[in-house]
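The values are calculated or read from the model by the stated rules, or taken from the named source; none is laboratory data. These numbers were taken from a predicted model, which means no experiment stands behind them. FYI the Cβ positions are ideal-geometry reconstructions off the backbone, even for glycines, and counts take in every protein chain you see.
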Amino acid sequence: MPLVEIQDLKVRFRQYGGTIEAVRKISFSLDAGESLGIVGESGSGKSVSCAALLRLLPATADVTAAKLMLDDVDVLSARKGDMERLRGRAAAMIFQDPMSAFDPVFTIGHQISETIRAHRTVTKSAALKEARELLERVEIKNAADVLAYYPHQLSGGMLQRAMIAMALSCRPKVLIADEPTTALDVTIQAQILQLIKKVQAEFGMALIMITHDLGVIAETVDRVLVMYNGEVMEEGPVAQIFDAPRHDYTKRLLASLHTKFEPSRGDADAAPALQLRGLSKSFRIRRRRGLFTEYGAFDAVRDVDITLPHNRIVAVVGESGSGKTTTGLMAMRLTEASAGEILVDGKDISSLSPEAMRPYRKQMQIVFQDSYSALDPMMTLTEIIAEPLVIHRIGTPRERTEKALAWLERVGLDRSFGSRYAHELSGGQRQRVAIARALILEPKILVADEPTSALDVTVKAQIITLLKDLQAELGLSMLFISHDLSTVKSLTDSVVVMYRGRVVEEAPTERIFADPRHPYTRALLDAVPATNPRDKRERSFLSAEEISAATPRMTVIQTGLAPHPDPQLVTIAPGHRVEAIVTA
Amino acid sequence: MLGYILRRLVSVAVTFIVVSLIIFLMMHSIPGGPFDANDMPVSEAVRAKLMAQLGLDQPLYVQYFRYMWGVLHFDFGVPYQSPGETVLQLLSRAWVPSLVLGGLGVLIGAPLGILLGMAAALNRNSWIDYIASALATLGLTVPVFVTSMLLILIFAVWLNWLPASGWPDPERWILPVAAYAAIPLATYARYTRAAMLDTMSRQFVTVLRAKGLSERRIIFQHVLRNSAIPLVTVFLPMFIGTATGSIFVEAMFRVPGLGAYFVSSIEVRDYPLEMALMLMITFMYCIAYLLSDVVYALINPRIRIGGAE
């Protein structure tokens, strides 16, 4: 008797003016202890199916199925009380965003112990003791303290661990993980995935891993279900899906993992298109002391040097809080730098007046991560794309519209989209519009700030291809800001790794992947999920202490340079610099 | 927290001074005075004597500092309209009916509004929700003097169940309290419904369901606690707004309350009373907002326990 049995599940959402078919017809089963991956893009119905299994869908959902069984209970006909007993005990869930998965006004300890007490009659103190043991099992070191913490006092990675502890608290037979690492940094993602595998083995649970990321699938499961548009496209053992995909969609998904580009050809001798020299940003933080206010400084970016040659793509890679976005904004002078120079074609623009900046604004454009908030919802796409022309007083209204429509086509959208509004588009389409708007002035420099991180994998590959094509066509110099090393690998010419506001390593792309020297770069590379289940490997992480330490481990280098107690950026090969402590 | 309260008290003092200056200047910049010839036909000599007696012949800044010096000693002067008592005596006499009726209105209206809002949120898009929303909209849009007239018409004139006047006996309180309760009830019904729907749409509620918690526990412990945070902050300011009396309600029900004096003191240029009323209101609102912010911080761990590790 399988633990989960779903036959011909259909889910429809009633909404104003009709219904949406979220799940058209899916069937699958899961045995005790098995690991199943469900992979698909947003809107493919993968999360909805699992929510239906626990009857967690809102009242507007119509759920029908020939069979919907969880642990021998018919979910469709079970009474409310029976469902409540089933949830958490037969199947427990962990969710994408740990920050919003906890109730902000109760402590972690309260929320774990209340789960225990909802299913078993134990005293409060016994439940708290159990909660503490669970926190220890998910490798939270200061478990006793964490019990008394409120969710906002913990980082995303720690919260996701606590979430897993909470899910384990009723010894579920199956753990449903719904994009458990999508909101986390790469190094944290790798740790959480490893933890999930570990507790699955320890507790002898089955696992359903819902994700859009094939890398996560390759790392964690035995069997895979590929979903698209509410239907199952393909099902099979994980090795078969990766090595011998049968369905076109699966092939496209896999292809998006291995996009390859021609390297761009820049002129190494000419002055760089953009050069950042000693760029720093410190934010003033206010601290209240009784009646008085003290001011401290937080250094978001410290003394960063980045060179972007003409017609090249340079990646700035780092995790949240590394200062990469601030650096990009400062380079565009959208945030004022606290110190340092910004050289465009050799001319320092860091202190130009807004008037004097105007001609430079034309040459430098930016594409943001969140295309939804970057496009004015009250303007048509034509107006949005043509706006830079209006600002710089180029052409007549008719010419502007014509040019905007031409750019719509150039970024792969139909001209008929011109009269639409941003909310009518998908994320990928919106990002195309943002790219068209950035490039309509034919700038020389483009800063792309995580332009694909909010997109589905196949769409992401398309947008990257578009950016690369346009870069080559227009001879753009591009600063590509990303946290995703796998994207960077296929696209960029060189990589700058940022960590805690500093550049810790910089090298041509092949070199940084072949011979990373800084421990943080190694940790980042190590954390990238495998692109094939055969490449699964044990990982060595920077420990939590090292991650949180002000200065991570340094490579100690012996060179001809004068020894220095502070870490220095040392050139160890042409174009390869790494932060290290120089010893005699 | 203590430092925060102290800093806020300093800002209350500053607000107090600024507001007192503005009111004082506005009051005196309106042309005319309390003893204008058409209001009070007395001889020039008598008027001069009266003005001198009340200090109104002094330069404005002297008058201001004299008054504020008095205020510091809880001496708000003597009301021109009622020279037989001090402003403080008048306030403490007239405020009682306003406080009782308005205060009861809020204390009854707010909880009823919360219940109505909860019922609406828990039965979203059902007839309960529609009725609650209609009531809330009526309560907010129908002016209070219309509500009062309707209450009198229905319960005093047609049904003859209750007296039309609202003071002093407790059975006379019912109608004015009902009139006062309309706005807090409507406001709270709307706020509660919105806050609960907002909380219920948040992800952690799905997580609570997925953990196997009962619906009752989810609503009464988690949803209510989260929804209460915005509700707490509107209570005190609303209480003060209502418990200082409404000129309309008090006029309708012939309640000898504070409300009427807000208007009459301006009309007859009763400077001491007008200043006292305005300072009192300012002070109470300042304290109400201060307390609201403190309570908000206490029930919201994000504020109470600062930032992330």
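Within region A:50-60, is even one residue away from every other protein chain (no Cβ under 14 Å) and β-branched (Val, Ile, Thr)? No, the conditions are met nowhere in region A:50-60. Against the numbered list (1) touching a residue at least 24 places away in the same chain (Cβ under 8 Å); (2) under 30 Å from B:LEU50 (Cβ atoms); (3) touching a Gly at 6+ places or on another chain (Cβ under 8 Å), B:THR86 comes up short only at (1). The set of residues from region B:206-254 being within 14 Å of chain A (Cβ to nearest Cβ), within 19 Å of the chain's Cα centre (by Cα) and surrounded by fewer than 17 Cβ atoms within 10 Å (Cβ to Cβ) comprises B:PRO230, B:VAL232. Can you pull out the residues in region A:73-85 that are of a type in the set (Lys, Arg) and within 9 Å of another protein chain (Cβ to nearest Cβ)? Those that are of a type in the set (Lys, Arg) and within 9 Å of another protein chain (Cβ to nearest Cβ): A:LYS80, A:ARG85.
A:ARG288 meets each of the listed conditions (1) at pLDDT 85 or above; (2) in the same structural domain as A:SER350 (by TED's automatic domain parsing) apart from (1). Note on region B:104-121: among residues that are touching a residue at least 60 places away in the same chain (Cβ under 8 Å) and touching an Asp or Glu at 6+ places or on another chain (Cβ under 9 Å), the one that is farthest from B:ALA179 (Cα to Cα) is B:ALA121.
Conditions tested, residue by residue: (1) within 22 Å of B:THR206 (Cβ to Cβ); (2) in the same structural domain as A:ILE188 (by TED's automatic domain parsing); (3) touching a residue at least 60 places away in the same chain (Cβ under 8 Å).
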{"site": "A:MET99", "(1), (2), (3)": "yes, yes, yes"}
{"site": "A:THR107", "(1), (2), (3)": "yes, yes, no"}
{"site": "A:ALA118", "(1), (2), (3)": "yes, yes, no"}
{"site": "A:SER125", "(1), (2), (3)": "no, yes, no"}
{"site": "A:ILE140", "(1), (2), (3)": "no, yes, no"}
{"site": "A:ALA143", "(1), (2), (3)": "no, yes, no"}
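One residue is enough: does region A:435-458 have a residue meeting the conditions touching an Asp or Glu at 6+ places or on another chain (Cβ under 9 Å) and farther than 26 Å from A:LEU413 by Cβ? Looking for residues that are touching an Asp or Glu at 6+ places or on another chain (Cβ under 9 Å) and farther than 26 Å from A:LEU413 by Cβ, one finds none in region A:435-458, hence no. Kindly indicate whether A:ALA51 is surrounded by fewer than 20 Cβ atoms within 10 Å (Cβ to Cβ), of a type in the set (A, V, I, L, M, F, W, C) and not assigned by TED's automatic domain parsing to the domain that holds A:GLY428. Against the criterion (surrounded by fewer than 20 Cβ atoms within 10 Å (Cβ to Cβ), of a type in the set (A, V, I, L, M, F, W, C) and not assigned by TED's automatic domain parsing to the domain that holds A:GLY428), A:ALA51 does not qualify.
The single condition from (1) at pLDDT below 90; (2) more than 23 Å from B:PRO111 (Cβ to Cβ); (3) in a helix (DSSP H, G or I) that B:SER165 fails is (3).
Are any of the residues in region B:135-147 farther than 26 Å from B:VAL232 by Cα, free of Cβ contacts under 8 Å to residues at least 40 places away in the same chain, aromatic (Phe, Trp, Tyr) and surrounded by fewer than 22 Cβ atoms within 10 Å (Cβ to Cβ)? Looking for residues that are farther than 26 Å from B:VAL232 by Cα, free of Cβ contacts under 8 Å to residues at least 40 places away in the same chain, aromatic (Phe, Trp, Tyr) and surrounded by fewer than 22 Cβ atoms within 10 Å (Cβ to Cβ), one finds none in region B:135-147, hence no.
Residues in region A:151-182 that are within 11 Å of chain B (Cβ to nearest Cβ), within 23 Å of B:PRO301 (Cβ to Cβ) and under 23 Å from the mean Cα position of the chain (by Cα): A:PRO151, A:HIS152, A:GLN153, A:LEU154, A:SER155, A:GLY156, A:MET158, A:LEU159, A:MET163. Filtering region B:258-306 to residues that are aliphatic (A, V, I, L, M) and within 14 Å of chain A (Cβ to nearest Cβ) leaves B:VAL295, B:ALA297, B:LEU298, B:ILE299, B:ILE303, B:ILE305. Which count do you get for residues in region A:86-108 that are within 8 Å of another protein chain (Cβ to nearest Cβ), within 23 Å of the chain's Cα centre (by Cα) and surrounded by 21 or more Cβ atoms within 10 Å (Cβ to Cβ)? The qualifying residues number 4. Any residue at all in region A:11-32 that is away from chain B (no Cβ under 13 Å), free of Cβ contacts under 8 Å to residues at least 24 places away in the same chain and either closer than 29 Å to A:LYS198 by Cα or part of a strand (DSSP E or B) (or both)? Yes; the residues of region A:11-32 include at least one that is away from chain B (no Cβ under 13 Å), free of Cβ contacts under 8 Å to residues at least 24 places away in the same chain and either closer than 29 Å to A:LYS198 by Cα or part of a strand (DSSP E or B) (or both). Summed over region A:135-146, residues that are crowded, with 21+ Cβ neighbours inside 10 Å and within 14 Å of chain B (Cβ to nearest Cβ) total 2. Scan the helices (runs of 4 or more DSSP H) fully inside region A:339-447 and keep the ones with 3 or more residues being outside the structural domain of A:THR465 (by TED's automatic domain parsing) and touching a Cys at 6+ places or on another chain (Cβ under 7 Å). Qualifying helices (runs of 4 or more DSSP H): none found. Taking region B:1-99 as the region of interest, none of the helices (runs of 4 or more DSSP H) fully inside it holds 1 or more residues being within 14 Å of chain A (Cβ to nearest Cβ) and farther than 19 Å from B:ILE287 by Cα.
Of everything in region B:192-205 that is of a type in the set (Ser, Thr, Tyr) and surrounded by 22 or more Cβ atoms within 10 Å (Cβ to Cβ), the residue that is farthest from B:THR137 (Cα to Cα) is B:THR199. Taking region B:196-298 as the region of interest, the helices (runs of 4 or more DSSP H) fully inside it that hold 2 or more residues being within 29 Å of A:ARG120 (Cα to Cα) are B:203-210, B:224-243.
Checking the structure you have, find out if any residue of region B:260-281 is under 25 Å from A:TYR150 (Cβ atoms), over 17 Å from the mean Cα position of the chain (by Cα) and buried (at least 17 other Cβ atoms within 10 Å of the Cβ). Among the residues of region B:260-281, not one is under 25 Å from A:TYR150 (Cβ atoms), over 17 Å from the mean Cα position of the chain (by Cα) and buried (at least 17 other Cβ atoms within 10 Å of the Cβ), which makes the answer no.
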